[in-house]
Amino acid sequence: MFGLILQSTSQQYEFRKISLIGHSNGGLIITYALEHNLTSHYLTVQKVMTIAAPYNLNDSSVRSETELLENLIANRKYIPNSIDMYSLAGTQSYSNDGLVPLYSVLAGRYIYQKQVKHYTQITVSGVGAEHSDLPQNQQIIMAIEQYIEK
């Protein structure tokens, strides 16, 4: 559905290039859509930023992969290699953001790194680094302005 909505919107408003930002499960939706033909002759995704996307769900182990992560890694070859990708994580305890384990967010590198044109991982901590606060976190806002809006 996400791809159909973007296609319809791009045709109605006559744009062909887009940047996407997804927080939490929104980052998973973007990743899934990229792997399942979100881009085509009608739309080019230039930049993607995911914020606290739980690529490995709630699993905080560096040694295990959930079925979701395994599937995302297996389908990474369908993600366009022209994308600039930014994966942002928050941490209060250096292990999670109060909801999503830090490793789960960092596991996004196995999907995007060496698949897209540029891959950058950023971790923010301190005040406002709790999962639900991240979209309003000043460091996140600055990253959006610096990497997505330029």
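The values are calculated or read from the model by the stated rules, or taken from the named source; none is laboratory data. What you see is a predicted model; the values in this text were computed from it and never measured. Virtual Cβ from ideal backbone geometry, glycine too; neighbours counted across all protein chains shown. These accessible areas exclude ligands, DNA and RNA; they are computed on the full protein's heavy atoms, side chains included. Shrake-Rupley method; radii C 1.70, N 1.55, O 1.52, S 1.80 Å.
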field: Search result, residues across the range 78-96 that are in a loop (DSSP other than H, G, I, E, B) and either of a type in the set (A, V, I, L, M, F, W, C) or touching a Ser or Thr at 6+ places or on another chain (Cβ under 6 Å) (or both)
entry: I79, P80, I83
statement: Of the listed residues (V100, V127), the one being modelled with pLDDT of 95 or more and more than 13 Å from the chain's Cα centre (by Cα) is V100
query: Which ones in the range 116-148 are part of a helix (DSSP H, G or I), under 25 Å from I73 (Cα atoms) and touching a strand residue (DSSP E or B) at 6+ places or on another chain (Cβ under 6 Å)?
result: Y147, I148
Matching residues in the range 47-69 - criterion: being part of a helix (DSSP H, G or I) and more than 16 Å from the chain's Cα centre (by Cα): E67
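Farther than 21 Å from K114 by Cβ and within 15 Å of the chain's Cα centre (by Cα): is that true of I83 in this structure? It would help to see each step written out before you state the result.
Working: farther than 21 Å from K114 by Cβ: no; within 15 Å of the chain's Cα centre (by Cα): yes.
Answer is no for this residue.
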field: Lone unmet requirement of (1) under 26 Å from G3 (Cβ atoms); (2) open to solvent by less than 10 Å² (accessible area, probe 1.4 Å); (3) at pLDDT 95 or above for V45
entry: (3)
query: Can you tell me which residue in the range 131-150 is farthest from P101 (Cα to Cα), limited to those that are open to solvent by 90 Å² or more (accessible area, probe 1.4 Å) and among the acidic types (D, E)?
result: E149
task: Output the residues belonging to the range 5-41 that are outside any helix (DSSP H, G or I), at pLDDT 85 or above and open to solvent by less than 90 Å² (accessible area, probe 1.4 Å).
output: F15, I18, S19, L20, I21, G22, H23, S24, H36
field: Count of the range 96-118 residues which are on the phi < 0 side of the Ramachandran plot and open to solvent by 60 Å² or more (accessible area, probe 1.4 Å)
entry: 6
Failed criterion for T44 (all others in (1) in a strand (DSSP E or B); (2) more than 20 Å from E149 (Cβ to Cβ) hold): (2)
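Answer yes or no: is there a residue in the range 70-93 that is under 17 Å from N25 (Cβ atoms), out of contact with any strand residue (DSSP E or B) (no Cβ under 9 Å at 6 or more places or on another chain) and open to solvent by 30 Å² or more (accessible area, probe 1.4 Å). Before the answer, list the steps.
Of the residues in the range 70-93, the ones under 17 Å from N25 (Cβ atoms) are 71-72, 87-90.
Next, only the ones that are out of contact with any strand residue (DSSP E or B) (no Cβ under 9 Å at 6 or more places or on another chain) stay: 71-72.
Now restrict to residues that are open to solvent by 30 Å² or more (accessible area, probe 1.4 Å): 71.
Taking every residue of the range 70-93 in turn, at least one turns out to be under 17 Å from N25 (Cβ atoms), out of contact with any strand residue (DSSP E or B) (no Cβ under 9 Å at 6 or more places or on another chain) and open to solvent by 30 Å² or more (accessible area, probe 1.4 Å).
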field: Filtered residues of the range 8-67 (kept if touching a residue at least 60 places away in the same chain (Cβ under 8 Å) and among the basic types (K, R))
entry: K47
- prompt: Which residues, counting only those in the range 73-112, are of a type in the set (F, W, Y) and under 16 Å from V48 (Cβ atoms)?
  reply: Y78, Y86, Y110, Y112
